[in-house]
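The values are calculated or read from the model by the stated rules, or taken from the named source; none is laboratory data. Only a predicted model underlies this, so the values are computations on that prediction, with no experimental measurement involved. Because the Cβ atoms are built from the backbone with ideal geometry, glycine has one as well, and the counts that use them run over all protein chains shown. Ligands, DNA and RNA are stripped out before the accessible areas are found, and what is left, the full protein with its side chains, is counted by its heavy atoms. Shrake-Rupley method; radii C 1.70, N 1.55, O 1.52, S 1.80 Å.
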Amino acid sequence: MRNLKLLRTLEFRDIPAPGTPQCFSLWTEQGTVLVGSEHGLLEIDPIAREVKNDISLVAEGFLPEDGSGRLVGIQNLLDQESVCVATASGDVVLCNLSTHQLECVGSVASGISVMSWSPDQELVLLATGQQTLIMMTKDFEPILEQQIHQDDFGESKFITVGWGKKETQFHGSEGRPTAMQIQMPESALPWDDQRPQITWRGDGQFVAVSVVCPETGGRKVRVWSRELALQSTSEPVAGLGPTLAWKPSGGLMASTQDKPNQQDVVFFEKNGLLHGHFTLPFLKDKVKVNGLLWNADSLVLTVWLEDLPTEEQSTLKTYVQLWTIGNYHWYLKQSLHFSSYGKNKPVSLMWDPVMPYRLHVLCQGWHYLSYDWHWTTDRCLGDSDSDLANVAVIDGYRVLMTVFRQTVIPPPMYTYRLLFPEPVNQVMFSAHPQRRNDLAVLDASRQVSVYKCGDSPCEDPTMKLGAVGGNGFQVPLTIPHLEKRYVIQFENNEDQEVNPLKLGLFTWIQEDVFLAVSHSSACPQSVIYCLTAAASETSEEQGQLTISSSVTVDGVIISLCCSSNTNSVALQLADGQIFKCLWESPCLAVEPWKKPGGVPVQFPYPCMQFELAMVAGEECVLGLSERCRFFVNDTEVASNITSFAVCGEFLLLTTHSHTCQCLCLRDTSFETLQAGLSSSGVSSEEMLRKVERGSRIVTVVPQDTKLILQMPRGNLEVVHHRALVLAQIRKWLDKLMFKEAFECMRKLRINLNLLHDHNPKVFLENVETFIKQIDSVNHINLFFTELKEEDVTQTMYPPPVSSGAQLPRNPEGKSVDLICDSLRAAMESINPHRYCLSILTSHVKKTIPELGTVLQKVHELQGTAPPGPDAVSAEEALQYLLLLVDVNELYEHSLGTYDFDLVLMVAEKSQKDPKEYLPFLNTLKKMDTNYQRFTIDKHLKRYEKAIRHLSKCGPEFFPECLNLIKDKHLYKEALQLYPGDSQQYKDISMAYGDHLLEEQLREPAGLVFARCGAYEKALEAFRACGSWQQALCMAARLNFTKDQLAGLARTLSGKLVEQRKLSDAATVLEQYAQDYEEAVLLLLDGSAWEEALRLVYKYNRLDIIETNIKPSILEAQKNYMALLDSQTATFCRHKKRLSVVRELKEKAQQMNLGDEGPHDPESDLFSETSSVVSGSATSGRYSHSNSRISARSSKNRRKAERKKHSLKEGSPLEELALLEALSEVVQSVEKLKDEVSRILKVLFLFAFDEQAKELQQAFEDSLQLIERSLPEIWTLAHQPSSTTSILGPSSTANSIMASYQQQKTAAPALDAELLMPPKINKRAQWKLSLLE
């Protein structure tokens, strides 16, 4: 659905040269044109507009002096730096443009009709006057000469096996005699020049020759190989024209055929068979075809026609038409009308071999023209819901319109078409915000037809519906009508005659204001014209567009665009400069387009697609070059973009990676766009989606979700991009348009939770509006069934970053329950009977389904008749309920209501066999109420309710109840059912205590026994767990004697000594066994020096001080000294080894030895002499072993964990092991502060000053050593929070790989705490100042 739009024109008029131009060739490397005439060869530079070389062929005798000579071919030879010229008299001349030297390399006595070089310039084919073909090399050495007329078909002759002949086929009403008739080809067309026509395939492997057969007088096409071997001959075609052009891609050959009522362009395959055609828009015998030309990429076919002279027609024209194909339909995209007489008549056409869409035209009056076209999609650029998303396709005299908002019709079909008296060259849509559906059409006669949407007073004959309408099928369409046609009044009509596309880049700015661009024919300048509509003086039906103002711009303008939102008009020059056109000022003016900093904007490359858009609140220019480079202002943000479109605040792009990206332009930046479009950037699922290979954007329906893509073969595909969908849904929800949002979400499979999660507060405040808009029980039920606690705005559909803070949700998190309750209340207030099923669904969908309530409501419906046509019966409600809930679950819930009528109703609707439930229900009906409910609850495994009902059945059922309590461990619940002074309570407590003892919970068991009065069991439980206070209390309740109490005290003290609770053991012995001496010894063993002294002085046993306390204190001082020496030595040894390990590690990293060692964690910690290989490096080779080898017992696993950090030199994790060992030393020394403080006090008390000072000094030295060493051991470089740059100017490939390997094998999270230094409490006061 693309059109060809004129990019720019280049003119070189009145070239100073004698004679008349006959043919020309291009020297693309120099940018010059080689023109041949009856006098010689001319080299012109169309850009500089000068003649560079003029070489006469008359002086050397290659052309006659009378001007009757003719050149039949010109070819620039790149390898020889010369130009090859062939004359009709038979000379082949090489001309050196630098030295002007002429050399005749060959001559044909019979003359030369055609000279044609192969595309690779390795071969040249000559057609002679004796009807022969001569193939020569590029050095003009003959290869072979063949007769141009051959009787044989060729090497590719068809083989028939005798069946399927035409004579044996069914021929309908015409009968078999018709099949037997032989159709004789007609003679050549009257205007046929009888000359051979030669065309090469794009790869140069085959050449086709069209000649007039001497036997039949008609033309035939023969295909020859490079070796001049005949391959095939075309089938007989009546009225075959002289022109022939082989498609460069090699598929088909184009020619013309004159039929009884029309003239067609027909296509031949290589085997000579016809393959398709299209009809030229002219009456029979009105025009003749002078030539057919394919452009370099085989997408455009040029048809060069000329009016045949007739008595009725006085003014003859020459037409140059550009045809393209899409979806097997040929479109006429451009039509250039030249004069057929005088100096404006074209004499030769040629497509540029380098620039695929540049056409060169040489006119008879030495006028040179070149036209540059590019593909564009003419679409309406509105962004409101009233814009119809129209797309216009030019097809000759018609404009095919497709309204994508209402219908999606694949080409070549259309919604409606507009018919014009002349071929159309350009379509433009209005930029006025309220008239964006209006369009204006520029045709080949330079008339502008304006079509406006709205009510028309009469039916428009130029408009006709296409794929819509007819057969009783109607679509409500807004169809435009012809408002008026305007003729462009130009100052110099001669310019229009020389260049039929003098004015281009038409843009409709306002109601009656147009902008157009004209390129100067004398210098590289452009003129912008402001055209205003006015009434015509000669005709009321036609108006005229007059030039109200103009401005000249230095440079060639190649594109012009406008923004309907800001009324800005931007134009682009060929060098990439961007200018702003001030069209609203009284006098038309331009100024450079500047960025906010005042810097002018210039594209690095000229862009074929050029639009304006708001990016982060700033109006920017967007451009897409031929090489798929995408620019925002002068910043290149991507280099793989194939098409783009701006829709509101979104930018949509298709890429070479076959994806379509959608980016929000609001509150974004160039860096964000660049990151989002980069190949390494990670795009969210909402912003990116895959599309078919080669897809291009046609249009985006504004205020909708449809994105129209066109495939390379021409068909359309409508996708709903997730970003557009979610943005539109959010807009609908903000406007409380729940119905539109719901329908879109249901159709496009968007989670319906978004209806609530988008704005929970607003949704809950407007639940009645939601229900009234949806107005469908099924749709409301669908919404209920998709509800879940997950916030989809945080998981599935996160809002854009620019949308601001998230709205708060229900703090309790029970959003589903809240929604169900709110909607149910609204439905009950609106119409509870109509929404009965939805109300039931709201109960079922809650976090804890309220099936009991649901069943009760269904039961209430059973006895009443439906009150209205919308109401449902109990059977319908129950049948629906069975779709939501499993029948067995519903049956059990109905049974749990103890309502047997409800149970029977559910059971009857289920698939259950009555033999399964009727005996059970009959048995239940015979029981007492409480025991009946106990049986039901036990059957439903509701044991708490079961024991509650069983406890009401009487004492005779208590044993059964106790067994159930023991079986299901319902002790806590059962204790609440009986009074504390009852025997049942005591029995349950005893069972509870025994259960706790089995679970090894002795202290809780003792408490339970003590509470129910079982003091002996309580005493045993407390004694077993070491709770000596509670045990002694229980002994008091049991009235123990003094001896029994002393024995119990010794037993408890032994238990406490085992638990290293020496102070508690001493207290028990001293207070309850009166054994204070043993108590003192226990206190000394526990370093409780001051408590031991208290007991000595309490019982006046001062002798113990000399016999026990002082020796114990001195022995403890020695032990502390030895411990400090050991810890200090260990600390220094590990610290020294850690520095060695780290030094080896740094050397290994610098030498890039990471790839030479085993690839396991910390493998670079191996020492040079170590031969230890870690288990992780060798485990891979045994990964396929059996389970007996791979499986480990829990004991082996614990052993492996202990060996994980081995201090063995050269082990894989030696550094972590050293850090772990150093941390343990630091923590153990830190824990000694309190103990050292206590012993220093008693040492000073008993005058052991030397020992006290020695210990204090040693401990202080150890602490200072540790504090000094902490920064050296736990440095910032080895902490997990530090990050080291692995890239930089000094990095190499090996260093980067080694750094990545180090990051990959970093310490696991469990070892991260080892990389942090242990904490030291520097505020702890442990020193004794009396010793200083």
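Against the list (1) under 19 Å from Ser232 (Cα atoms); (2) at pLDDT below 90; (3) open to solvent by 40 Å² or more (accessible area, probe 1.4 Å), the condition Gly154 fails is (3). Within the stretch 902-915, the residues that satisfy the criterion of being modelled with pLDDT of 75 or more and either closer than 16 Å to Asp886 by Cβ or touching a helix residue (DSSP H, G or I) at 6+ places or on another chain (Cβ under 9 Å) (or both) are Leu902, Val903, Leu904, Met905, Val906, Ala907, Glu908, Pro914. Counting residues that are touching a residue at least 60 places away in the same chain (Cβ under 8 Å) and among the small types (Gly, Ala, Ser), which helices (runs of 4 or more DSSP H) fully inside the stretch 653-763 reach at least 1? Output list reads 722-734.
To keep it simple, each residue is scored yes or no on (1) of a type outside the set (Gly, Ala, Ser); (2) assigned to a helix (DSSP H, G or I); (3) open to solvent by 10 Å² or more (accessible area, probe 1.4 Å); (4) without any contact (Cβ under 8 Å) to a residue 60 or more places away in the chain.
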residue	(1), (2), (3), (4)
Pro1212	yes, no, yes, yes
Glu1215	yes, yes, yes, no
Leu1222	yes, yes, no, no
Gln1227	yes, yes, yes, no
Arg1238	yes, yes, yes, no
Leu1243	yes, yes, no, no
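Only one entry in Asp120, Asp91 is within 23 Å of Leu26 (Cα to Cα), open to solvent by less than 60 Å² (accessible area, probe 1.4 Å) and modelled with pLDDT of 90 or more, namely Asp91. I want to confirm something. Restricting to the stretch 1010-1037 and keeping residues that are within 16 Å of Gln1000 (Cβ to Cβ) and among the basic types (Lys, Arg), which single residue is most open to solvent (accessible area, probe 1.4 Å)? Restricting to residues being within 16 Å of Gln1000 (Cβ to Cβ) and among the basic types (Lys, Arg), the top hit is Lys1017. Restricting to the stretch 38-86, what's the tally of residues that are open to solvent by 10 Å² or more (accessible area, probe 1.4 Å) and either of a type in the set (Phe, Trp, Tyr) or in contact (Cβ under 8 Å) with a residue 60 or more places away in the chain (or both)? The total comes to 3.
Going by what's in this entry, would Gly648 be described as modelled with pLDDT under 90, open to solvent by 20 Å² or more (accessible area, probe 1.4 Å), at positive phi and in contact with an Asp or Glu (Cβ under 6 Å, 6 or more places away or on another chain)? Against the criterion (modelled with pLDDT under 90, open to solvent by 20 Å² or more (accessible area, probe 1.4 Å), at positive phi and in contact with an Asp or Glu (Cβ under 6 Å, 6 or more places away or on another chain)), Gly648 qualifies.
Restricting the search to strands (runs of 3 or more DSSP E) fully inside the stretch 1-117 and requiring at least 1 residues that are of a type in the set (Asp, Glu) gives 3-12, 40-45, 50-56, 91-96, 101-107.
Within the stretch 944-985, work out how many residues are under 24 Å from Arg1011 (Cβ atoms) and in a helix (DSSP H, G or I).
Pass one, the stretch 944-985, residues under 24 Å from Arg1011 (Cβ atoms): 944, 947-948, 950-951, 955, 958-959, 961-985.
Next cut, in a helix (DSSP H, G or I) only: 944, 947-948, 950, 955, 958-959, 961-968, 971-975, 983-985.
Of the residues in the stretch 944-985, 23 are under 24 Å from Arg1011 (Cβ atoms) and in a helix (DSSP H, G or I).
Consider the stretch 247-259 and keep the residues that are part of a strand (DSSP E or B) and open to solvent by 10 Å² or more (accessible area, probe 1.4 Å). The one that is farthest from Val211 (Cα to Cα) is Asp258.
Scanning the stretch 698-710 for residues that are open to solvent by 10 Å² or more (accessible area, probe 1.4 Å) and over 23 Å from Ile750 (Cα atoms) returns a single hit, Gln710. Select from the stretch 482-495 the residues that are loosely packed, with under 15 Cβ neighbours inside 10 Å and modelled with pLDDT under 80 and write down the one among them that is farthest from Ala431 (Cα to Cα). This residue is Glu494. Residues that are at pLDDT 75 or above, loosely packed, with under 13 Cβ neighbours inside 10 Å and at negative phi are absent from the stretch 1289-1309 altogether. Within the stretch 953-967, residues that are free of Cβ contacts under 8 Å to residues at least 60 places away in the same chain reach partners that are among the aromatic types (Phe, Trp, Tyr) with beta carbons closer than 8 Å, at six or more positions or on different chains, in the pairs Cys953/Tyr931; Cys953/Phe934; Phe957/Tyr931; Leu964/Tyr943; Ile965/Tyr971.
Please verify whether the stretch 128-136 includes one or more residues that are in contact with a Pro (Cβ under 6 Å, 6 or more places away or on another chain) and of a type in the set (Gly, Ala, Ser). No - not one qualifying residue is present in the stretch 128-136.
Is it the case that the stretch 592-614 has a residue that's modelled with pLDDT under 90, open to solvent by 70 Å² or more (accessible area, probe 1.4 Å) and within 16 Å of Leu673 (Cβ to Cβ)? Yes, the stretch 592-614 has at least one match. Within the stretch 775-782, does at least one residue satisfy the condition of being within 23 Å of Gln406 (Cβ to Cβ) and charged (D, E, K, R)? Checked against the condition, which is being within 23 Å of Gln406 (Cβ to Cβ) and charged (D, E, K, R), the stretch 775-782 yields no hits at all. With the requirement that a residue be closer than 19 Å to Arg824 by Cβ, in contact with a Ser or Thr (Cβ under 8 Å, 6 or more places away or on another chain) and not in a helix (DSSP H, G or I), what does the stretch 844-885 give you? Passing the criteria: only Lys845. The listed residues are Thr847, Thr853, Thr841, and the only one of them that is β-branched (Val, Ile, Thr), in contact with an Asp or Glu (Cβ under 6 Å, 6 or more places away or on another chain) and either within 25 Å of Leu787 (Cα to Cα) or loosely packed, with under 15 Cβ neighbours inside 10 Å (or both) turns out to be Thr847.
Among the strands (runs of 3 or more DSSP E) confined to the stretch 412-481, the ones with at least 2 residues that are buried (at least 16 other Cβ atoms within 10 Å of the Cβ) and out of contact with any helix residue (DSSP H, G or I) (no Cβ under 7 Å at 6 or more places or on another chain) are located at 416-419, 424-429, 439-443, 447-453. Only residues that are open to solvent by less than 60 Å² (accessible area, probe 1.4 Å) and in contact (Cβ under 8 Å) with a residue 60 or more places away in the chain were counted in the stretch 817-829, giving 1. Of all residues in the stretch 219-238, those satisfying the criterion of being within 18 Å of Phe267 (Cβ to Cβ) and either open to solvent by less than 20 Å² (accessible area, probe 1.4 Å) or not basic (Lys, Arg) (or both) are Arg219, Val221, Arg222, Val223, Gln231, Ser232, Thr233, Ser234, Glu235, Pro236, Val237, Ala238. If the condition is being without any contact (Cβ under 8 Å) to a residue 24 or more places away in the chain and farther than 25 Å from Gln434 by Cβ, then the stretch 574-597 contributes Glu591, Pro592, Lys594, Pro596, Gly597. Among the conditions (1) of a type outside the set (Phe, Trp, Tyr); (2) open to solvent by 10 Å² or more (accessible area, probe 1.4 Å); (3) part of a loop (DSSP other than H, G, I, E, B), the only one that Met350 does not satisfy is (3).
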